[in-house]
1. Can you return the aspartates and glutamates within cross-link range of residue B:56? Criterion is Cα-Cα under 14 Å, with same-chain partners fewer than 8 residues away left out.
2. Please tell me the relative contact order of chain A in percent, rounded to the nearest whole number, where contacts are Cα pairs under 8 Å and at least six residues apart.
3. Shortest first and in nm to one decimal, what separations exist between residue A:8 and its copies in the other chains, measuring from label points 7 Å along the Cα-to-beta-carbon line?
4. Using a simple spin-label model with points 7 Å from Cα along the Cα→Cβ vector, what separation in nm is obtained for residue B:95 and residue B:109?
5. Counting only other chains, and only Cβ atoms inside 10 Å, what mean value do you get across the residues of A:75-82?
6. Taking region B:14-77 on its own, what percent of its Cα-Cα pair distances exceed 17 Å?
7. Using a Förster distance of 25 angstrom, determine the FRET efficiency expected from the C-beta separation of residue A:88 and residue A:9, and round it to 0.05.
8. Every other copy gets compared here: list the nm distances from the residue B:76 label point (7 Å along Cα to Cβ) to its counterparts, shortest first, one decimal.
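The values are calculated or read from the model by the stated rules, or taken from the named source; none is laboratory data. Keep in mind the model is a prediction, meaning the values are calculated, not measured. In this analysis, Cβ positions are derived from the backbone assuming ideal geometry, glycine residues included, and neighbour counts consider all displayed protein chains. Please note that ligands, DNA and RNA were not included when accessible areas were found on the heavy atoms of the full protein model with its side chains. Shrake-Rupley method; radii C 1.70, N 1.55, O 1.52, S 1.80 Å.
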2 protein chains.
Amino acid sequence: MVEFRVDRSGGLPAYLQLVQQVREALRLGWLAPGDRLPTVREVVAASGVNPNTVLKAYRELELVGLVEARQGSGTYVKATLGTASPELMVELRAQLEKWVHGARQAGLEDEDIHALLGAVLAGDMKGKES
Amino acid sequence: MVEFRVDRSGGLPAYLQLVQQVREALRLGWLAPGDRLPTVREVVAASGVNPNTVLKAYRELELVGLVEARQGSGTYVKATLGTASPELMVELRAQLEKWVHGARQAGLEDEDIHALLGAVLAGDMKGKES
DNA sequence: CAAATTGTTCTAGTCAACTAAGACACTAGC
DNA sequence: GCTAGTGTCTTAGTTGACTAGAACAATTTG
């Protein structure tokens, strides 16, 4: 059962955090079509956000066709986002873990790591020009 | 000269995006103490946000001691965040680029990649339990 | 069938983010 | 000294995010 977290200090609206976490879970294969999301009340209990906020997130996900809400029953996953095979994901994850280990050894913190990935993905080879 | 972007669709407040971009630039070594940030008016022209919004970002950075604003002159970097040596960063970046290349071959998109890194950094080995 | 559980809707309010516009104070360069 | 460029501040307003509380409708469970 997937568990959601809402971090109030990062600036991203709570409902978008929930949306993002569902998308991530779909990406990583933690959620698949047919799975049931935590109920609105469960998310409320776990994260402390207002039910309307959870509903807003779930409604967004429903709008893009990723989930389907069934009143009286729950909210179910309808589609997936993951595209790579589980085996490849496992392999890529292992490689990444190794890389992260090296990065940690070099003293990198989370923010460094995210920044570096951002730069690599942006293909920004001209980062610093001064 | 670092260039800021503000993406209106991601949900993160504009001012926080600016703060984040400065932090990233510091992390990656693109900005160093003594460097001047783009002027408020430059950021306004480039990103279309209101001057007050840029000021809010710069003030946040000033509050945590990363930059220093000099009226009439500009806003200057005062401290850095990067901790690893440039050589190591180059090495880690090259490795990460290689990994990303493999991930792309496997069909991963940005969101997959970010999700995977998030999971690895969270050390969450129990992702899916159902 | 009744109770429990689920999603759903509504109203009213607060707060943060952001904008527009204008003007001020200070610095830098000529 | 003057001009241009810099950060700074103020006021007033809009919008989005989020909350609280209550109640409803539908489904599930015993």
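1. Result set, ordered by chain and number: B:68.
2. Working: 116 pairs, mean separation 28.8, N = 130.
The value is 22 percent.
3. Copy-to-copy label distances at residue A:8, shortest first: 3.0 nm.
4. In this crude spin-label approximation the distance works out to 2.9 nm.
5. Working: counts 0, 0, 0, 0, 0, 0, 4, 4.
Mean shielding count: 1.
6. Values: 639 of 2016 pairs.
Of all Cα-Cα distances in region B:14-77, 32 percent exceed 17 Å.
7. Numbers: r = 35 Å, r/R0 = 1.38.
My answer for the efficiency is 0.15.
8. In ascending order, 6.4 nm.
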